[in-house]
Amino acid sequence: MQVTVETGEGLERKIKVQVPAQRVDDEVQKRLKDMAGRVRLDGFRPGKVPMKVVQQRFGGQVREEVMNEVVQQTYGEALQQEELRPAGAPSVNLTQGMTGGDVEFEASFEIMPEFEVADVSTIAVERPTAEVTDADIDKVLEDLRKQRATYNEADKAAEEGDQVVIDFRGTVDGEEFEGNQGQDTPVTIGQNQMPPEFEEGLKGLRAGETKNVEYAFPENFPTESIAGRTAVFETTVKSVNVPEYPELDDALAEAVGIQEGGMEELRNLIRQNLEREIERAQKAKLKEQVTEALAKTNDIELPKALVDGEVEALQQQMKQRLQQQMGDQADSMDLPAELFEDQARRRVTLGLVMNKLIADNGIQVDQERVRAQLQEMAAGHHNPQELIQQYVQNREAMQSLEVNVLEDQVIDWIVEQAKVTDTPTDLETLLNPQQAQAEEGGDEAAPEAGGDEPTDDAKKEG
């Protein structure tokens, strides 16, 4: 087998492979002889079909099959011989050997880039820290009380915390729209079950009263026909119900599943849960900063095949999200590739950098962490053992979990090398950063507006 390599622009490569005719001819003859002993043709006894007849009837088909296999085999052999790492599937052009003689073909592809990862010890990150106080635990307990409130009808004007049962009918410029009506809809004022403007408009109303409540749909609202437009909701109050909250006592603890220890045990469990949430939020914040730094400090020539593949994956994710929100309307929406180009390039860069760090530093997946993460996932499932069994029996699912754990290990390794500054943060800001930003006058939260889904930046090569 002879192989020549041509270097194109950037990462483009073309190999020309020549395979001796004997390699193909010998395999073709071997298969035809095997067929001659098995094939059945009219006019011949089983196993007695002359080789010449078998050659005439099946020679072309068998040669095509062998040619395809030989091209695949020798392409892999050529890559190994020349130490080339393709970034995607090749474009193959068979130039000789279709009817006989030596086989020659060309394969064009991009190779994986060669690069060194920028020094991770120069990365500077802030690690938010927070302490769980008695006041934080009291707030959670108060939320538990509110979740278990019972409501009693009262002859009064609605205010914050009351449950208002309403009928509503919305129009935009006098025209109705999908999902514009509701009957006997309970709304607890202050719990953001409806947009804040809508809930604010219910305050002061009594049973039997009707009011037109205006609401401006955000520009990015999924339903295109009403996005950015103002609707008027004719709203009638059916009843105003005031909450009655349970006492903060052992009975409440028992109601939420505490069998022994009462309120003291409940407070301990809340503290432990909040501390776990702090740890998760810290890791998420560190990961966000580390991946941002890796993307900025590693300028890598990226294979177009990898970027295009990532763009396609992002398009599919967005289409699925829109279909969940909009149904069949999403099918007609145009999602041009350029919308996803920057994000795709970032993800490919991070995947390459992660894999390089894994290879250079001998980082291997920690199976103990895999088991611990699987146990944690199962703990929130209605049937923990069933979920664990599903992962154990599904190698693809288990590999995905292992990739997630390996990525976390890489982030932890980088943090150990990086310059880390602990930054005291209040608990609410750490655990609910988006809500804290909105309260400080940051970006306005828009109904139905979703951000990027979490993705695995570390990709397995090959």
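For segment 149-244, calculate the relative contact order in percent as a whole number, restricting contacts to Cα pairs under 8 Å that are 6 or more residues apart. Rounded, it is 42 percent for segment 149-244.
Full extension of the chain between residue 21 and residue 271 yields a length gain of 82.5 nm, computed as 0.36 nm times the residue separation minus the alpha carbon distance. What GluC sites (Glu not before Pro) does segment 164-194 have in DSSP loop regions with at most 12 other beta carbons within 10 Å? In loop regions of segment 164-194 (DSSP not H, G, I, E or B), the sparsely surrounded GluC sites (Glu not before Pro) are 176, 178. With contacts taken as Cα pairs under 8 Å and at least 6 residues apart, segment 2-110 reaches a relative contact order of 34 percent. Our estimate of slack between residue 297 and residue 341, defined as 0.36 nm per intervening residue step minus the Cα-Cα distance, is 14.0 nm. A Cβ-based charge dipole, computed about the Cα centre of segment 2-110 with Lys and Arg at +1 and Asp and Glu at -1, lands at about 1020 debye. Dividing the summed -39500 (n - 2.57) terms of all DSSP H runs of n ≥ 4 by the residue count of the chain sets its mean residue ellipticity at 222 nm at -15500 deg cm²/dmol.
Plugging the Kirkwood radius over Cα pairs into Stokes-Einstein for segment 311-387, at a temperature of 4 °C and a viscosity of 1.567 mPa s, what D comes out in µm²/s? This corresponds to a translational diffusion coefficient of 80 µm²/s.
With both labels modelled 7 Å from their Cα along Cα-to-Cβ, the residue 420 to residue 191 distance reads 4.0 nm. Quick one: of 139/285; 211/238; 146/238, which pairs are farther than 19 Å apart, Cα to Cα? Over 19 Å Cα-Cα: 139/285; 146/238. Within segment 237-258, list the residues whose amide N lies under 14 Å from a label point set 7 Å along Cα→Cβ of residue 138. Under cut-off, by backbone N: 248.
Extension gain for the segment residue 152 to residue 367, taken as residue separation times 0.36 nm less the Cα-Cα distance, is 72.0 nm to one decimal.
Positive-end ranking of 248, 370, 118 along the dipole of the chain, with charges on Cβ about the Cα centre, is headed by 370. The Cα center of segment 234-279 and the Cα center of segment 323-372 differ in position by 38 Å. One way to sum up the overall shape of the chain is the equivalent ellipsoid from its Cα gyration tensor, whose semi-axes run 61, 31, 25 Å, largest first.
Shape summary: segment 149-244 maps onto an equivalent ellipsoid whose semi-axes, from the alpha-carbon gyration tensor, are 26, 13, 10 Å in decreasing order. Assign one of three labels to segment 101-198, namely rounded, prolate or oblate, based on the Cα gyration tensor with a ≥ b ≥ c the square roots of its eigenvalues; rounded applies when a/c is under 1.5, prolate when it is not and a/b is larger than b/c, and oblate otherwise. Here segment 101-198 falls in the oblate category.
Among rounded, prolate and oblate, which fits segment 1-160 when a ≥ b ≥ c are the square roots of the eigenvalues of its C-alpha gyration tensor, a/c under 1.5 means rounded, and a/b larger than b/c means prolate? If you can, show how the numbers build up before the last one.
Details: a/c = 5.02, a/b = 2.15, b/c = 2.33.
Oblate.
Between segment 119-156 and segment 1-67, the alpha-carbon centres lie 70 Å apart. Using C-alpha pairs under 8 Å with a sequence gap of at least 6, the mean separation divided by the residue count of the chain gives a relative contact order of 16 percent.
For segment 96-202, applying the loop criterion from DSSP together with a ceiling of 16 other beta carbons within 10 Å to the trypsin sites (Lys or Arg not before Pro) yields 148, 156.
FYI, it's all coordinate maths here, none of it is from the lab. Note that the coordinates shown come from a computational prediction; the quantities given were computed from them, not determined experimentally. Don't worry about glycine lacking a Cβ; one is built from the backbone with ideal geometry, like all the others, and counts go over all protein chains shown.
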